[in-house]
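Okay, so here's the structure we're looking at.
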Amino acid sequence: MPPEEALPEPVRSGQQTSAPSVVANAFALLRVLAAMRGPVGVTRLAAAVGIPKTTAHRLLEQLSAEGAVERHAGKWRIGPGILELSGFDPSSMLAATARPRLEALSRATGATLFLHRYTHGELDTVCQAFGAQVGLHVSAAQQHASARHPESAIWRALERGRLSAEYGRVRAECNCIAVPFSASGTDVAVLSLARPTSHELESLKRPLERMATLIGSDLRNVTK
């Protein structure tokens, strides 16, 4: 097992002439987390900042409620709330990361691919690549509408938490598969692929799952 990454020395703003305040301790925790490449346990964080573990846990829970940090596999990391404060747009980064992959698969197969981000109960289109085969049967506007249909594979994938398919239920001309994956923070992204019913779909299930994994990995690398 590789050794754990060394934690940075806590950095506090200004010279402390008295015991650090709650705000100072909270910022010290955030600075340590921001310097790390992966999630950190509360025991290590408390030791790095020099505060009791119970204090660190209470502060992390309070920061989590505001989206500044988030728990992952029992450890802590910077959350989407900090990115929002910095003006970072998760959808823009997700689109820039994913678009080349969608376009490459669309060109290779003639399929249409959509990437949606599901947050606060809303489904937002992040990017898409319209396939030549699908375009012969369904217009771009109709493809957008089909993706949001309540019986689409996208909604089925969100409900089931795994790759799902629908065969001609939304539009008789097309079959569709979709797979959900973690985007950023607590948000979920859904990658979908549609093909005319005259073309088989089974052989593209594994490549679609693989693409979703790669996009998620790419996004984590650029937001470290």
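Coordinate-derived values only; no laboratory data. As the structure is a prediction and not an experimental result, all values here were calculated from the model. When we count neighbours, we look across all protein chains shown, and the Cβ atoms used for this are built from the backbone with ideal geometry, even at glycine.
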query = Which far-off residues, 5 or more places away or on another chain, put their amide H under 5 Å from the one on Ala68, with H placed in the peptide plane?
reply = Gly81
Positive-end extreme of charge dipole, the stretch 141-224 - chosen from Leu201, Leu214, Ala178 (charges on Cβ) = Leu214
key: 10 Å-binned pair-distance histogram of the stretch 90-222 (Cα, whole percent)   = 14, 50, 32, 4
note = Residue-ordered couplings for the stretch 170-179, obtained by feeding phi - 60° into the Karplus form 6.51 cos²θ - 1.76 cosθ + 1.60 and rounding to whole Hz (Gly and Pro as x), are 7, 9, 4, 7, 9, 10, 9, 10, 8, 9
query = Along the stretch 150-164, what does the Karplus equation 6.51 cos²θ - 1.76 cosθ + 1.60 (θ = phi - 60°) give for ³J(HN,Hα), rounded to whole Hz, x for Gly and Pro?
reply = x, 9, 5, 4, 4, 5, 4, 5, 5, 5, 8, x, 7, 4, 9
remark   = Amide H proximity to Thr119 below 5 Å, modelled H, separation 5+ or other chain, gives Asp124
ask   = Taking the simple approach of a point 7 Å from Cα along Cα-to-Cβ for both Glu159 and Arg220, what is their distance in nm?
value = 2.9 nm
note = Per the 1/(1 + (r/R0)^6) rule, R0 = 35 Å and r from the Cβ atoms of Ser64 and Ala140, FRET efficiency to 0.05 is 0.30
